[in-house]
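Undergrad: Quick one: this structure, given as structure tokens, is what I'll be asking you about.
The values are calculated or read from the model by the stated rules, or taken from the named source; none is laboratory data. Everything quoted here is computed from the prediction, not taken from an experiment. Cβ sites come from the backbone with ideal geometry, for glycine too, and all protein chains shown count toward neighbours.
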């Protein structure tokens with residue numbers, strides 16, 4: 001036995017599992033395909049750098065740049081073996097991570113990457129997309145406002161109008177919750193105009209129609225509903241009084257006063273047996289709008305009253 005033999009001990013934790021999942025998703029290959037780095041770029045590729053960085057974020061639940069290099073330095077052997085490439089601690093320095101963020105901030109290139117990644121995930125995990133949920137949210141920060149930046153003063157859902165915020169629109173496959181399209185805009189932007197671009201990107205990724213798009217009342221704008229209908233898709237949204245024709249509201253008031261008989265709604269649940277899940281009544285409203293220079297007309301079903309069975 002050689003008493004002078006040295007041993008190096010590293011914490012493996014969940015790193016191999018995370019890297020294997022990220023590799024199966026194809027993130028490294030797609031990043032290197034779409035984001036072309038400068039000719040003077042040295043060390044591991046942008047794709048591998050991003051994958052190692054993501055494994056750090058997921059493993060440590062920490063998004064700060066300043067701790068990544070030291071974390072990598074203590075796991076060089078593990079990371080190099082799992083990725084199949086020689087990794088140095090300097091490859092994940094603060095400067096290099098900031099360079100990655102600059103490359104990924106190219107919105108046009110990101111959309112192409114996101115589209116191909118989404119299609120790849122559907123194929124890898126054999127997902128059958130039928131419903132898509134869309135919603136926007138905002139995140140506040142003490143960073144202040146930059147006229148050219150994303151953080152701006154706007155309507156605050158957190159009741160903090162004194163803080164700058166950024167807004168995020170997210171489209172996910174239901175019920176899995178897998179993101180299909182993500183849009184980050186300035187915090188002072190309105191929500192309504194964000195839905196159609198997100199739906200366009202979902203269609204480009206999933207390459208199918210007949211989907212049900214589910215959203216809140218902000219998705220209920222008539223132009224958004226027409227945009228969804230025009231391509232043969234469906235929508236489910238709660239409509240406010242301003243989004244329903246006045247003639248329909250008057251008709252509903254009359255029906256409310258007379259009393260409206262409800263129809264039972266059944267669905268196959270446990271063991272395929274029909275189970276009553278709600279009682280409702282439905283009316284149809286003729287809608288006509290212009291979408292991309294073309295006039296479209298459709299019959300829109302409205303459910304003024306629904307009683308859910310628990």
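Undergrad: Having 2 or more residues that are at pLDDT below 95, in the same structural domain as residue 33 (by TED's automatic domain parsing) and touching a strand residue (DSSP E or B) at 6+ places or on another chain (Cβ under 9 Å) is the bar; report the helices (runs of 4 or more DSSP H) wholly within region 43-108 that clear it.
TA: none
Undergrad: Just checking, which of 126, 162, 135 is modelled with pLDDT of 90 or more and in a loop (DSSP other than H, G, I, E, B)?
TA: Details: 126 fails: modelled with pLDDT of 90 or more; 135 fails: in a loop (DSSP other than H, G, I, E, B).
Selected residue: 162, the only one of 126, 162, 135 that is modelled with pLDDT of 90 or more and in a loop (DSSP other than H, G, I, E, B).
Undergrad: With (1) in contact with a helix residue (DSSP H, G or I) (Cβ under 8 Å, 6 or more places away or on another chain); (2) surrounded by 14 or more Cβ atoms within 10 Å (Cβ to Cβ) as the list, and residue 13 as the residue in question, which single condition is left unmet?
TA: So the condition that residue 13 fails would be (2).
Undergrad: So, in region 198-222, exactly how many residues are in a helix (DSSP H, G or I) and in contact (Cβ under 8 Å) with a residue 24 or more places away in the chain?
TA: So the count comes out to 12.
Undergrad: Quick one: in region 165-197, of everything that is in contact with a strand residue (DSSP E or B) (Cβ under 8 Å, 6 or more places away or on another chain) and in a helix (DSSP H, G or I), which residue is surrounded by the most Cβ atoms within 10 Å (Cβ to Cβ)?
TA: 195
Undergrad: Something else now. Restricting to region 46-66, name every residue that is without any contact (Cβ under 8 Å) to a residue 40 or more places away in the chain and surrounded by 13 or more Cβ atoms within 10 Å (Cβ to Cβ).
TA: If the condition is that a residue be without any contact (Cβ under 8 Å) to a residue 40 or more places away in the chain and surrounded by 13 or more Cβ atoms within 10 Å (Cβ to Cβ), then 47, 48, 51, 54, 56, 57, 60, 62, 65 are the ones that fit.
Undergrad: Additional query: Does residue 225 satisfy being surrounded by 14 or more Cβ atoms within 10 Å (Cβ to Cβ), in a helix (DSSP H, G or I), free of Cβ contacts under 8 Å to residues at least 60 places away in the same chain and in the same structural domain as residue 177 (by TED's automatic domain parsing)?
TA: Considered against the rule, which asks whether it is surrounded by 14 or more Cβ atoms within 10 Å (Cβ to Cβ), in a helix (DSSP H, G or I), free of Cβ contacts under 8 Å to residues at least 60 places away in the same chain and in the same structural domain as residue 177 (by TED's automatic domain parsing), residue 225 comes out as no.
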